[in-house]
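J.: Dropping a structure here in structure tokens format, bear with me for questions.
We did not get these values from a lab; they are worked out from the coordinates using the rules stated. In this text, all values refer to a predicted model and were calculated from it rather than measured experimentally. Every residue, glycine among them, receives a Cβ derived from its backbone with ideal geometry; neighbour counts consider all protein chains shown.
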Amino acid sequence: MGLVPFILLSGYMIDPMHYGFIFGYFLLIYLVFLGKDIFQLTDKSSTVLLLFSLIYATFYAFDPTSGIQYIGIYAVFPFSFYLLGKHISSKFKDSNDLSNLFLIIAVIYSSIALISVLSNIINYGFIALDRDVPSIWGNTQNATGTAVYLFANMCIPAILLFSFKTRKKLYNIILIAIYIASIACVLRLGSRTQIIISLLTLIASILFLFTSVSAKNKILIVIGVLVITNVVISYLNLDFNSDLLSAYAGRMESKEYGAATAGGRTQRWALSIEYLFKEPLGWNVKEFGLSHNLWLDVARTGTIISFILLIIYTIISLKNTFGLLQNKLENLAFKNQVLVYTMGFMLQFFVEPIMEGSLELFTFFCMFQGAINGRIKTLESITTDDHTI
């Protein structure tokens with residue numbers, strides 16, 4: 001993808017001392033220097049995304065609660081990172097290389113959270129009087145906001161299911177080590193969302209594998225799943241009073257914040273849907289707090305106009321993703337990675353205030369979508385060349 005954009009992207013993802021947005025602006029400048037080539041990267045998805053970003057930033061400007069600098073960030077970053085993803089994708093003819101690149105980007109994205117939480121575990125163990133963990137940059141971010149950075153690492157078992165045999169042993173060992181370290185961090189943070197992402201993406205990957213193998217292997221997969229399930233049910237005994245799971249103590253069965261209420265979010269979702277019709281031009285966060293849902297929180301700040309545009313962009317993105325999954329020219333391992341990453345993004349979007357709490361996650365998603373559409377274009381060009389020959 002080029003050394004300069006990789007360094008700038010890494011700086012943005014690492015977000016040193018919370019000045020990562022500066023690297024984001026330099027990435028925008030890099031795209032501008034592409035000249036006329038940047039216009040060749042635009043498409044229907046990028047147009048809708050740009051329109052959403054500009055309208056959301058305009059309404060945010062009336063009450064810039066997170067700082068004036070975010071007006072420009074909201075206006076151009078999602079669009080810029082989408083184009084960057086499409087530009088990156090055009091550099092790779094082999095999807096295996098693109099797959100490895102996104103694994104590297106995901107690890108870089110999670111690195112500060114991993115270092116911060118693992119340092120806390122080393123110093124204080126798993127006993128969690130407070131789920132929040134200080135960042136190495138000096139501030140204390142809430143546990144949920146820290147866990148967001150680990151979402152892609154939670155997909156590693158699902159990714160290895162397809163690529164374990166084709167990847168070098170050293171790389172497999174590194175990925176497994178990163179997953180184990182991430183699980184340790186998730187347990188310390190008491191994040192239920194990340195555990196769910198890991199389980200559901202693995203199940204989805206198994207089902208995806210099931211549809212692409214012979215009848216004999218399908219039987220073996222079913223037997224293997226039944227055996228593993230029986231072992232887990234028989235021997236797994238979760239003691240939420242243990243030190244290892246102390247961050248979960250009282251949270252699973254809580255009537256207000258338990259699993260049945262999605263951590264207390266269901267009431268906020270219901271109120272937010274009510275306010276969509278009651279206050280279509282947005283409402284103050286003081287009404288009942290954050291909605292803990294990407295689309296509903298966008299409606300609160302950016303009005304129902306931004307909400308509708310984001311819904312349209314989401315539908316287009318899922319349609320494009322499904323189109324790649326159906327493409328017979330793409331290899332199964334990359335399609336599986338696209339599937340589980342998309343699931344990870346969506347599961348995270350449903351339960352967190354992304355634009356105000358984890359903007360880097362949304363720009364990561366936009367870049368990933370740009371790469372998917374770039375890959376579709378590459379496959380179309382291959383098909384065209386074949387027909388020409």
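J.: With a point put 7 Å past each Cα toward its Cβ, work out how far T65 is from Q326 in nm, to one decimal.
T.: Here the modelled spin labels are 4.0 nm apart.
J.: Taking neighbour counts of Cβ atoms within 10 Å as a proxy for exposure, in what order, fewest first, do S272, S90 appear?
T.: S90, S272
J.: Follow-up question, since we're still on this one. Take peptides 351-357, 180-186 and line them up by average Cβ neighbours within 10 Å, highest first, as a rough protection proxy.
T.: 351-357, 180-186
J.: I need the peptides 2-11, 118-127 ranked by packing, meaning the mean over residues of other C-beta atoms within 10 angstrom, with the highest value on top.
T.: Packing order, densest peptide first, comes out as 2-11, 118-127.
J.: Kindly put Y171, Y275 in sequence by how many other C-beta atoms sit within 10 Å of each C-beta, fewest to most.
T.: Y171, Y275
J.: Give the separation of the Cα centroids, region 138-187 to region 37-60, in Å.
T.: Using only Cα atoms to place each centre, the spacing works out to 31 Å.
J.: Please arrange V133, V32, V107 by counting, for each residue, the other beta carbons lying within 10 Å of its beta carbon, fewest first.
T.: Starting with the residue having the fewest Cβ neighbours, the order is V32, V107, V133.
J.: Ranked highest first by average number of other Cβ atoms within 10 Å, how do 187-199, 151-163 line up?
T.: 151-163, 187-199
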